[in-house]
């Protein structure tokens, strides 16, 4: 009699390799391993074959890079989503897509459950579980690492007892995760926020001190908030990000050191490498300054924060996301043009920007010939603009004896006493 199936998010590492056998034994389920390529730089076919050798009854591996960039990364860039103003949300963006694809495989395989290798301490468990609960509430969720609470030594012993293939017997000094949009590094010596990350922390970026002594400029073309070209070449999203990761990385651009507020209620020290993300966010923001009205830009900053929180908190498949995205699409309809960025010693500096939709008008801004600004209207504008304040001052703050000796308003604290 055939057993029920579970679809496991399979990375090929120790946790998920051990989980295949553990799920077999604990839940009596056959495991279908699922792996997708989001640009993490791994051979997904080799991982698929390993899953089968490890005991999975079936293994699915697919390239999801275009899906990831077009439907997750690009919208987050259009929204200006940086968690707490720093983190480009690379891992957080990947999890809902992986979970969505796993649900599809679960339906194809008539599986009764889905499983992942997240711990009970991080954010990823929330992102997976909430997505599963939203898209397929009938599927049971299994989280072996969260359930068994083993040490790494116990996992290795279990693997040895069951002849499970593992590539390493010594724990890496860091815990890492990566995809096209960024690389995250945590744990080990990085848990001390006073300690500078050692050189071996980084793989995508050179030390700014050892970066080339000559700056390099890149020109990025945007259409409706999405990057579509680099240095005069039209590129799809995947190729553009891969290329820009290499260019910016060799100049030391893209290192982020962040004391982060996790969703589960703790602070953690996170190191990120995101060369392309840092440059693209900077270039995109500059085009927004050029093409959005003051009011639209100010309101967009509020949306950006909510959008980043929504991604970080695992609520990608929410009605609120649809609502915010509708605003973003409308808001970005004129954010088209080119930004020129200078890369030098760890810095990405905007040195030029242009757009056919620019609200910067030379004829209004110039002090030279061609000035079309009506300065004669300024006096009346200033009087009306300040009318409420001058009225209040006349009838309240400066009334009576105060008029003879005006003092600082009470809202301004007095200077400290001299000692």
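The values are calculated or read from the model by the stated rules, or taken from the named source; none is laboratory data. No experiment lies behind these values; they were computed from the predicted model shown. All Cβ positions, even for glycine, are placed from backbone atoms using ideal geometry, and neighbour counts span all protein chains on display.
Mind checking which pairs have a first residue in the range 34-46 that is touching a residue at least 60 places away in the same chain (Cβ under 8 Å) and a second that is part of a loop (DSSP other than H, G, I, E, B) and surrounded by fewer than 17 Cβ atoms within 10 Å (Cβ to Cβ), Cβ under 8 Å, 6 or more apart or different chains?
If the second residue must be part of a loop (DSSP other than H, G, I, E, B) and surrounded by fewer than 17 Cβ atoms within 10 Å (Cβ to Cβ), no pairs are left.
For the range 237-293, name all the residues that are on the phi < 0 side of the Ramachandran plot and part of a loop (DSSP other than H, G, I, E, B).
250, 251, 253, 262, 263, 264, 266, 274, 292, 293
Go over the candidates 350, 384 one by one and state the one that is touching a strand residue (DSSP E or B) at 6+ places or on another chain (Cβ under 9 Å) and either modelled with pLDDT of 80 or more or not assigned by TED's automatic domain parsing to the domain that holds residue 99 (or both). Before you say what the answer is, go through the steps one by one.
Details: 384 fails: touching a strand residue (DSSP E or B) at 6+ places or on another chain (Cβ under 9 Å).
Being touching a strand residue (DSSP E or B) at 6+ places or on another chain (Cβ under 9 Å) and either modelled with pLDDT of 80 or more or not assigned by TED's automatic domain parsing to the domain that holds residue 99 (or both) holds for just one of 350, 384, which is 350.
For the range 334-349, name all the residues that are under 16 Å from residue 273 (Cβ atoms) and in a strand (DSSP E or B).
Correct list: 343, 347, 348.
Mind counting the residues in the range 302-333 that are in a helix (DSSP H, G or I) and within 25 Å of residue 136 (Cβ to Cβ)?
Total satisfying the criteria: 12.
Filter the range 215-240 down to the residues that are out of contact with any strand residue (DSSP E or B) (no Cβ under 8 Å at 6 or more places or on another chain) and either surrounded by 15 or more Cβ atoms within 10 Å (Cβ to Cβ) or without any contact (Cβ under 8 Å) to a residue 12 or more places away in the chain (or both) and list them by number.
225, 226, 233, 238, 239, listed by residue number.
Looking at the range 210-221, is at least one residue assigned to a helix (DSSP H, G or I), assigned by TED's automatic domain parsing to the domain that holds residue 268 and over 30 Å from residue 358 (Cβ atoms)?
Scanning the range 210-221 turns up at least one residue that is assigned to a helix (DSSP H, G or I), assigned by TED's automatic domain parsing to the domain that holds residue 268 and over 30 Å from residue 358 (Cβ atoms).
Considering 146, 152, 65, which residue is touching a helix residue (DSSP H, G or I) at 6+ places or on another chain (Cβ under 8 Å), within 30 Å of residue 255 (Cα to Cα), in the same structural domain as residue 18 (by TED's automatic domain parsing) and modelled with pLDDT under 95?
On the way: 146 fails: within 30 Å of residue 255 (Cα to Cα); 65 fails: modelled with pLDDT under 95.
Result: 152 is the single residue among 146, 152, 65 that is touching a helix residue (DSSP H, G or I) at 6+ places or on another chain (Cβ under 8 Å), within 30 Å of residue 255 (Cα to Cα), in the same structural domain as residue 18 (by TED's automatic domain parsing) and modelled with pLDDT under 95.
Within the group 94, 122, which residue is within 21 Å of the chain's Cα centre (by Cα), closer than 25 Å to residue 15 by Cβ and crowded, with 23+ Cβ neighbours inside 10 Å? I'd like the intermediate steps shown before the answer.
On the way: 122 fails: crowded, with 23+ Cβ neighbours inside 10 Å.
Result of the check over 94, 122: 94.
For residue 40, are the conditions met, namely being farther than 21 Å from residue 119 by Cα, surrounded by fewer than 21 Cβ atoms within 10 Å (Cβ to Cβ) and under 24 Å from the mean Cα position of the chain (by Cα)?
Taking the combined requirement at face value, the residue does not satisfy it.
Would a scan of the range 184-197 turn up a residue that is under 23 Å from the mean Cα position of the chain (by Cα), outside the structural domain of residue 71 (by TED's automatic domain parsing), free of Cβ contacts under 8 Å to residues at least 12 places away in the same chain and farther than 30 Å from residue 132 by Cβ?
For the range 184-197, residues under 23 Å from the mean Cα position of the chain (by Cα), outside the structural domain of residue 71 (by TED's automatic domain parsing), free of Cβ contacts under 8 Å to residues at least 12 places away in the same chain and farther than 30 Å from residue 132 by Cβ: present.
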